[in-house]
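**Q** Handing you this structure, nothing more for now.
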Amino acid sequence: MKKKLIIANWKLNGNKKTIKKKINKLLKSKINTKKCTLSIAPPMIYLHLTTNLINKNTNISLTSQNIDKHITGSFTGEISGKMLKDVNVKYVIIGHSERKKYHLENNKIIYQKIKTCLNTKLIPILCIGENKIEYEKNKSINICKNQIKYSIPIKEIKKTNKIIIAYEPIWAIGTGISANINHINNVYNFIKNYVQTKYLHKIKKIKIIYGGSVNIQNIYELINNTNIDGFLIGSSSLITEEFIKIINIITNKK
Ligand code: PGA
């Protein structure tokens, strides 16, 4: 089985003490980090602490929850791609629905942030997904298509670039109930075909992952009934014991 990408999105949670505890528990656990690609997205102020805690040999990488489109200069409060690289960040979450809702990020901003990621050799994780009304009106595929189309800077990308698309139906995030398998498969198949025909001649690799209430109750079904390349996990990644069990279920799949 192909290695699954597992990203823990810790959002705005934790402090120095709890983050040290979480990482230590993960490192001491018997998770098989060679059978998956595991990455942690702590709050950005703790990226440096996390990079120091993760031993270079553990196969665990670092994800940033945000990036500024600028590289350097008078942009108070921002963090650049170069700075993220400096603390060993590998992936950057871009366009998360919470940033769209609370920080008014739109496709234009997302497009520029992805461009910055690619220019600084960071791998962008572009979040896409429909809201509840759009889902009920059967518009999921169209919404996802447009979000991809207007967010990926196709003219700027080079053959060596990698991009990850995280399909996260907004109505499933943080609710405890993930989207059903049929729906995930429909959207996944559409996205896969769409990016293959439109982008694959330009980009080396595009992976499609799922996020939205992935937990210990549904991971078995998700891993066995979809071809999803990985998972973006919020709430369940905050409870380390649960997160470890989820990783074990994913890596034990034959
Ligand atoms: P959730 O969050 O797992 O708590 O639904 C996922 C996300 O927002 O990336």
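**Q** Of all the residues that make up the range 102-127, how many are more than 12 Å from the chain's Cα centre (by Cα), within 16 Å of the ligand (Cβ to nearest atom) and surrounded by 24 or more Cβ atoms within 10 Å (Cβ to Cβ)?
**A** 1
**Q** On the given criteria, is K162 more than 25 Å from I250 (Cβ to Cβ), of a type outside the set (G, A, S) and either out of contact with any Lys or Arg (no Cβ under 9 Å at 6 or more places or on another chain) or at pLDDT below 95 (or both)?
**A** No: the conditions fail for K162.
**Q** What pairs come out if I take residues in the range 177-192 that are closer than 14 Å to N215 by Cα and without any contact (Cβ under 8 Å) to a residue 60 or more places away in the chain and pair them with residues that are of a type in the set (G, A, S) and crowded, with 16+ Cβ neighbours inside 10 Å whose C-beta lies under 7 Å away, six or more apart or interchain?
**A** I177/S213; S178/A172; S178/G212; S178/S213; A179/A172; A179/G212
**Q** Here are some conditions: (1) at pLDDT 95 or above; (2) within 20 Å of K162 (Cβ to Cβ). N59 meets all but one. Which one does it not meet?
**A** Looking at each condition in turn, N59 falls short on (1).
**Q** Ok, one more. With respect to I170, determine if the residue is within 18 Å of the chain's Cα centre (by Cα) and at pLDDT 95 or above.
**A** It is true that I170 is within 18 Å of the chain's Cα centre (by Cα) and at pLDDT 95 or above.
**Q** Scan the range 210-236 and report the pairs whose first residue is in contact (Cβ under 8 Å) with a residue 12 or more places away in the chain and among the aliphatic types (A, V, I, L, M) and whose second residue is within 6 Å of the ligand (Cβ to nearest atom) and assigned to a strand (DSSP E or B), with Cβ atoms within less than 6 Å and a gap of 6+ or a chain change.
**A** V214/I233; L232/N9; L232/G211
**Q** Could you look through the range 82-101, keep only residues that are among the aliphatic types (A, V, I, L, M) and within 13 Å of the ligand (Cβ to nearest atom), and pick out the one that is surrounded by the fewest Cβ atoms within 10 Å (Cβ to Cβ)?
**A** The selected residue is I93.
**Q** Yes or no: the range 105-117 includes at least one residue that is in a loop (DSSP other than H, G, I, E, B) and in contact (Cβ under 8 Å) with a residue 40 or more places away in the chain.
**A** No, the range 105-117 contains no residue that is in a loop (DSSP other than H, G, I, E, B) and in contact (Cβ under 8 Å) with a residue 40 or more places away in the chain.
**Q** Could you tell me which numbered condition I177 fails, if it satisfies all but one of (1) closer than 29 Å to L238 by Cβ; (2) over 17 Å from the mean Cα position of the chain (by Cα); (3) hydrophobic (A, V, I, L, M, F, W, C); (4) more than 16 Å from the ligand (Cβ to nearest atom)?
**A** Unmet condition: (4).
**Q** Here is a further query. Restricting to the range 73-94, count the residues that are among the β-branched types (V, I, T), assigned to a loop (DSSP other than H, G, I, E, B) and more than 15 Å from Y46 (Cα to Cα).
**A** Adding up the residues that qualify gives 1.
**Q** Let me ask you something else. Quick test of your reading of the structure: G77 fulfils all but one of (1) out of contact with any Leu (no Cβ under 9 Å at 6 or more places or on another chain); (2) crowded, with 16+ Cβ neighbours inside 10 Å; (3) over 16 Å from I164 (Cα atoms); (4) not charged (D, E, K, R). Name the failing condition by number.
**A** Going through the list (1) out of contact with any Leu (no Cβ under 9 Å at 6 or more places or on another chain); (2) crowded, with 16+ Cβ neighbours inside 10 Å; (3) over 16 Å from I164 (Cα atoms); (4) not charged (D, E, K, R), G77 breaks only (2).
**Q** Mind checking whether some residue in the range 131-152 is touching a Lys or Arg at 6+ places or on another chain (Cβ under 6 Å) and either modelled with pLDDT under 95 or surrounded by 14 or more Cβ atoms within 10 Å (Cβ to Cβ) (or both)?
**A** Within the range 131-152, none of the residues are touching a Lys or Arg at 6+ places or on another chain (Cβ under 6 Å) and either modelled with pLDDT under 95 or surrounded by 14 or more Cβ atoms within 10 Å (Cβ to Cβ) (or both).
**Q** A further question on this structure: For the range 1-72, which fully contained strands (runs of 3 or more DSSP E) count at least 1 residues that are surrounded by 13 or more Cβ atoms within 10 Å (Cβ to Cβ), among the hydroxyl-bearing types (S, T, Y) and in contact (Cβ under 8 Å) with a residue 24 or more places away in the chain?
**A** Details: elements: 4-9, 36-41, 60-64.
Passing ranges, in order: 36-41, 60-64.
**Q** Restricting to the range 163-180, give me the number of residues that are among the hydrophobic types (A, V, I, L, M, F, W, C), over 24 Å from K205 (Cα atoms) and surrounded by 14 or more Cβ atoms within 10 Å (Cβ to Cβ).
**A** Counting residues in the range 163-180 that are among the hydrophobic types (A, V, I, L, M, F, W, C), over 24 Å from K205 (Cα atoms) and surrounded by 14 or more Cβ atoms within 10 Å (Cβ to Cβ) gives 5.
**Q** Could you grab me the full set of residues in the range 128-168 that are more than 16 Å from the ligand (Cβ to nearest atom) and at positive phi?
**A** Result: N138, single match.
The values are calculated or read from the model by the stated rules, or taken from the named source; none is laboratory data. Everything numeric here is computed off the predicted structure, so don't read it as measured data. Using ideal geometry, Cβ is built from the backbone for each residue, glycine included, and neighbour counts are taken over all protein chains shown.
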